[in-house]
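This report refers to the structure that appears directly beneath it.
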Amino acid sequence: MKQTTIYPSATVANMVCGFDVLGFALEEPCDKMTVRLLNEKTVRVVHHDSYGLPTQPEKNVAGVALQAVLNQVKENIGFEVEITKVIKPGSGIGSSAASAAGAVYGANILLGNIFSKTDLVRLAMFGEEVASGAQHADNIAPCIFGGVTLVRSLHPLDVVEVDFPELQVTVIHPQLEIKTSEARKLLKPEVPLGNAVKQWANVGALVAGLMKHDYELITRSLHDYVAEPVRSALIPRFDELKKHSLEAGALGGGISGSGPSVFMLSKNANTAHRVADAMRKVYNETGVDFHVHVTTINRKGVKEK
Ligand code: ADP
């Protein structure tokens, strides 16, 4: 039976000022997925983890994404996907996006790579819609392309790959669940013009800072006037987490996706580990369980080994 095993990684969406448009892929953690070709037009989802995710294909993001692939092919074929989820659902580091992106990436290998990376993002977006109630690509695009991406437009889909210097990432994951759909409801539909101007100045400068490998400019640009002021209230001790991380030498950071994970970027591994210690110190006093990861940006996208 034709099958492939792939490892889609966690991703950080929003990247502070780039709400809904910027995102980057993490080296770790990754899910494990085996996609198999079937000789009947059907989709099957099997989970080997204890997160209790739905296995009905129409309720699972991987199932919906695979159905979107099937809708594009004429042959009488189908897919079965076995998922071992490592990226906890609702953690804010793109758990659902990893399933959607991994599913279409694996299916494409089995079909002889007939789809481009942009096609794969478009197909995986059908899956993401099940998780968050809206089509978005800020986690899927970096998961498939790797590195840092900017989604300039969804319809038509326009993904821009952004070069970046060496960056280490510290992520704290408080063991609370924040649903993307709930966090979205907190956002006001309108942004005052003054804040909008500051926000797009920062997005432009952050992209320039990343591409010029200018760490000072990256630091100056990592400010959010849109989502963080309302969403940070969902994350215990967010302000202290940020303050102590910056004091430990982080370049900057903020809420990962819609939270509860919080990420910080650093120039090198030593600083990233100091930031991890600072985060642990703040969280040890909260009584909330948490995990801290130190990792880097994954330049490759979905891994095949
Ligand atoms: P995250 O940022 O971690 O992806 P979301 O809230 O966007 O968090 O998505 C998680 C939601 O998606 C959960 O409600 C979960 O039940 C649903 N879901 C459906 N299928 C999957 C899947 N294969 N992997 C992860 N989440 C899934």
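Only the coordinates and a few stated rules stand behind these numbers; no lab work does. What you see is a predicted model, and the numbers here were worked out from it, not measured in a lab. Note that we place each Cβ from the backbone using ideal geometry, even for glycine, and neighbour counts take in every protein chain shown.
Taking the alpha-carbon distance from Lys117 and a cut-off under 22 Å, which lysines remain once sequence neighbours fewer than 8 residues away in the same chain are dropped?
Here the lysines satisfying the reach criterion relative to Lys117 are Lys2, Lys32, Lys74, Lys300, Lys303, Lys305.
Return the calculated 222 nm mean residue ellipticity for the chain, to the nearest 500 deg cm²/dmol, obtained by summing -39500 (n - 2.57) across DSSP H runs with n ≥ 4 and dividing by the residue count.
Dividing the helical sum by the residues of the chain leaves -11000 deg cm²/dmol.
Nearest 20 debye, what's the magnitude of the dipole of the chain about its Cα centre given +1 on Lys and Arg Cβ and -1 on Asp and Glu Cβ?
160 debye
When Ile6, Ile140, Ile172 are ordered from fewest to most other Cβ atoms inside 10 Å of their Cβ, what list results?
Ranked by crowding around the Cβ, least crowded first: Ile6, Ile172, Ile140.
Counting only Cα atoms, I'd like the Rg/Rh figure for the chain, Kirkwood definition for Rh.
Ratio value, two decimals: 0.97.
With +1 on each Lys and Arg Cβ and -1 on each Asp and Glu Cβ, and nothing else charged, work out how big the dipole of the range 165-305 is about its Cα centre, in Debye to the nearest 20.
Roughly 320 debye, rounded to the nearest 20.
What does the charge count near His223 come to, summing +1 for each Lys or Arg and -1 for each Asp or Glu among other residues with Cβ under 13 Å from its Cβ?
The answer is +1.
Please compute the contact order of the range 53-153 in relative form: average sequence separation of alpha-carbon pairs under 8 Å and at least six residues apart, divided by the residue count, as a percent.
31 percent
Taking neighbour counts of Cβ atoms within 10 Å as a proxy for exposure, in what order, fewest first, do Ser91, Ser99, Ser9 appear?
Result, fewest neighbours first: Ser91, Ser9, Ser99.
Kindly work out what percent of the DSSP beta bridges joining two residues of the chain are antiparallel, to the nearest 5.
Expressed as a percentage, antiparallel bridges in the chain total about 90.
Ranking Cys30, Cys143 by Cβ neighbours within 10 Å, fewest first, what do you get?
Ranked by crowding around the Cβ, least crowded first: Cys30, Cys143.
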